[in-house]
Amino acid sequence: MKIRKNTLLIMMILLTVTFMFANTKNVSAKVTFNKTSKSITKGKNYTIKISGVKSKNIKKVKLKYNKKIIKVKKLRKNKYRITGKKKGKTTLKATVKYLLFDYTPAVKTIKCKINVKNKAAKKKKTNNKKNNDSEENIKPEIDWGENNIDKLIAQIEQSKTYKGTLYKLNDYTVFNKGEDGGEDQYGLITSPFYSTIDWYSKKDYDKIMNEVKRIVKESKITDDMIDEEKAYRIGRYMVKHIDYDYSVYGQRIYETLFDKKTVCAGYSVTYALICRYIGIDCDFVHTSGFYIDGQNMNHAWNYIKLGDYYYVVDLTDAYCGQKYDITGPFFRESGYVDSKQMSYIDEKYKTSDYTKDHKVDNISHYMRCKKNGDMSQTLTDSELYNLPE
């Protein structure tokens, strides 16, 4: 009887060890880069992730690669940005020390083959359209610069949107050619159906757009980032560099950018412009006729599109409530806006044409991604707050 009990005990121990080893092997085998090989262009960026293990369970990552061919920058414990430096091939090796599901330490070396190519030769543009010298068909030529975002915007087809000489240049600008020797005007789009357009001369327009480009660069935005991170970085930059000052008169984009102080409307129109510039649909939203005891209670904020829904971004609240730094939720649900304010929202945001295409989510963006089981398009509040500047 005693022998049988000892035999059973030994078998149970062996099964337990075997089970633990099997699980260790299985979990370890899942740890890998999200790509095992990748071709990138010299000077371009690519983000690579370590999958198969939670970021919080990663204790240390040691990288090995040819530094002459690529540059690697750590974004988070499980996320790295690769930049092509020189034409050639290298293998990015990562020795990952992490914890298994039972907190047992584990180590695995993972690899991704990187092939850096030179920039593709630029193709010469050809114009097969018939020449038409009529003034109403002339579309302005604009120097869009050299960065990737500029080139993407430049590809947007210039299409006439109104009668006469008013043209849509891109998703944030319309152009009005001056008549009878008058000055050309550039209008910045910040709200739906072009209902609010901020008009500027060519000189001021160029100055504004150069500042927008500088802000995007200062915010360290790259094409490979998810929209949520891009939009957060812009918002963070604005609340840290533009003061909320109720005494200011200027609430336009120009004054906001160059006086470095504004109120809710200035925050919202400027944020809408910069988001539209980097390719994210964003609207300036405001109330109208909202007074309590003769005091103006009107407010402005943004609706920004992330995925299939729009979300509330309120830079005034981010600034005033957090003293120059964002530490609260940023991409909020529809209920975040006070019901009293919503009753005074401008009529254009209540039309069926607007609401059918601008569905504001009833939960935050993070919760929507979590509900849909797709966390690749969102970051936790903590990850957003700790993004490198």
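Among the residues of the range 41-71, those that are modelled with pLDDT of 85 or more, crowded, with 17+ Cβ neighbours inside 10 Å and part of a strand (DSSP E or B) comprise 48, 50, 58, 70. Which of the residues that make up the range 72-88 are surrounded by fewer than 14 Cβ atoms within 10 Å (Cβ to Cβ) and part of a strand (DSSP E or B)? Listed by number, the residues that qualify are 73, 74. All conditions but one from (1) touching a strand residue (DSSP E or B) at 6+ places or on another chain (Cβ under 6 Å); (2) surrounded by fewer than 22 Cβ atoms within 10 Å (Cβ to Cβ); (3) among the β-branched types (Val, Ile, Thr) apply to residue 285; the one that does not is (2). Restricted to helices (runs of 4 or more DSSP H) entirely inside the range 273-389, those with at least 3 residues that are touching a residue at least 12 places away in the same chain (Cβ under 8 Å) and in contact with a helix residue (DSSP H, G or I) (Cβ under 8 Å, 6 or more places away or on another chain) are 315-322, 365-372.
Taken as a whole, the structure leaves residue 211 outside the set of residues that are in contact (Cβ under 8 Å) with a residue 24 or more places away in the chain, closer than 30 Å to residue 40 by Cβ and acidic (Asp, Glu). Looking across the range 257-272, the residues that are crowded, with 17+ Cβ neighbours inside 10 Å and either in a loop (DSSP other than H, G, I, E, B) or within 15 Å of the chain's Cα centre (by Cα) (or both) come down to 263, 271, 272.
The values are calculated or read from the model by the stated rules, or taken from the named source; none is laboratory data. Quick caveat: nothing in here was measured; it's all calculated off a predicted structure. Please note: Cβ atoms are built from the backbone with ideal geometry, for glycine as well, and neighbour counts cover all protein chains shown.
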